[in-house]
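Engineer: Starting off with a structure, shown below.
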Amino acid sequence: RIQRIAGHLDARPPAAARQCEGKAGNLAVIVDGARTPFVKSFGGLMRCDAIELGCAAVKGLIAKTKVDPKQIDQIIMGNVVVNSNAPNLAREIIIDLQLPAKIPGSTVSMACLSGLEAIYQGVCQIEHGDAEVVVAGGSDFLSSGQM
């Protein structure tokens, strides 16, 4: 099964990835991660939405790493099932966690690659010298998503 899946992967990075070479000589490093648990659909987290789940992960990450929120230059989140009442998930997380208002928040949506694209964009910002600390990841809530 792994061989079959690997056969579908292209080992060459996409064109955008080849363009993200650190012009400032910076090297991005993933320091730590946080996540919410996998649960069955329509189960214990049924009343939570993507914002609440994203807040839990980001809050846990900040607590675990002890990073000063004032040092965060950007929050980038991937999201597939976009809440039309709050389309910028990253900004909602910043507001709900009462992080400094100066932190920009952006959300990307690329079907199954949203979280990875968010991380990639964070890497590019660091390697280009546009940021030093970026929180990046993804959050989705499929139990009530309109598909």
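The values are calculated or read from the model by the stated rules, or taken from the named source; none is laboratory data. Source: prediction; values computed, not measured. Every residue, glycine among them, receives a Cβ derived from its backbone with ideal geometry; neighbour counts consider all protein chains shown. Accessible surface is based on the protein model in full, side chains and every heavy atom, while ligands, DNA and RNA are left aside. Shrake-Rupley method; radii C 1.70, N 1.55, O 1.52, S 1.80 Å.
Engineer: Does segment 60-84 hold any residues that are free of Cβ contacts under 8 Å to residues at least 60 places away in the same chain, more than 18 Å from SER106 (Cβ to Cβ) and in a loop (DSSP other than H, G, I, E, B), and which are they?
Structural biologist: If the condition is that a residue be free of Cβ contacts under 8 Å to residues at least 60 places away in the same chain, more than 18 Å from SER106 (Cβ to Cβ) and in a loop (DSSP other than H, G, I, E, B), then LYS66, ASP68 are the ones that fit.
Engineer: Would you be able to tell me the number of residues in segment 89-105 that are surrounded by fewer than 17 Cβ atoms within 10 Å (Cβ to Cβ) and either of a type in the set (S, T, N, Q) or in a helix (DSSP H, G or I) (or both)?
Structural biologist: The total comes to 3.
Engineer: Follow-up. With respect to VAL80, is the statement that it is β-branched (Val, Ile, Thr), more than 25 Å from LYS102 (Cα to Cα), crowded, with 17+ Cβ neighbours inside 10 Å and at pLDDT 75 or above true?
Structural biologist: yes
Engineer: Here are the criteria: (1) of a type in the set (Ser, Thr, Tyr); (2) over 22 Å from SER41 (Cα atoms); (3) open to solvent by less than 20 Å² (accessible area, probe 1.4 Å). Tell me which single one SER114 does not satisfy.
Structural biologist: All conditions are met except number (2).
Engineer: For segment 90-107, give me the residue count where each residue is basic (Lys, Arg) and either under 14 Å from ILE76 (Cβ atoms) or touching a helix residue (DSSP H, G or I) at 6+ places or on another chain (Cβ under 8 Å) (or both).
Structural biologist: 1
Engineer: Continuing with this model, one more query. Could you check, for segment 117-128, whether at least one of its residues is open to solvent by less than 30 Å² (accessible area, probe 1.4 Å), under 23 Å from ILE30 (Cα atoms), in a strand (DSSP E or B) and not acidic (Asp, Glu)?
Structural biologist: Taking every residue of segment 117-128 in turn, none turns out to be open to solvent by less than 30 Å² (accessible area, probe 1.4 Å), under 23 Å from ILE30 (Cα atoms), in a strand (DSSP E or B) and not acidic (Asp, Glu).
Engineer: Any idea how many residues of segment 15-39 are modelled with pLDDT under 70 and in a loop (DSSP other than H, G, I, E, B)?
Structural biologist: Final tally of qualifying residues: 5.
Engineer: I'd like the residue in segment 40-59 that is farther than 11 Å from PHE141 by Cα and not in a helix (DSSP H, G or I) and, out of all such residues, is most open to solvent (accessible area, probe 1.4 Å).
Structural biologist: LYS40
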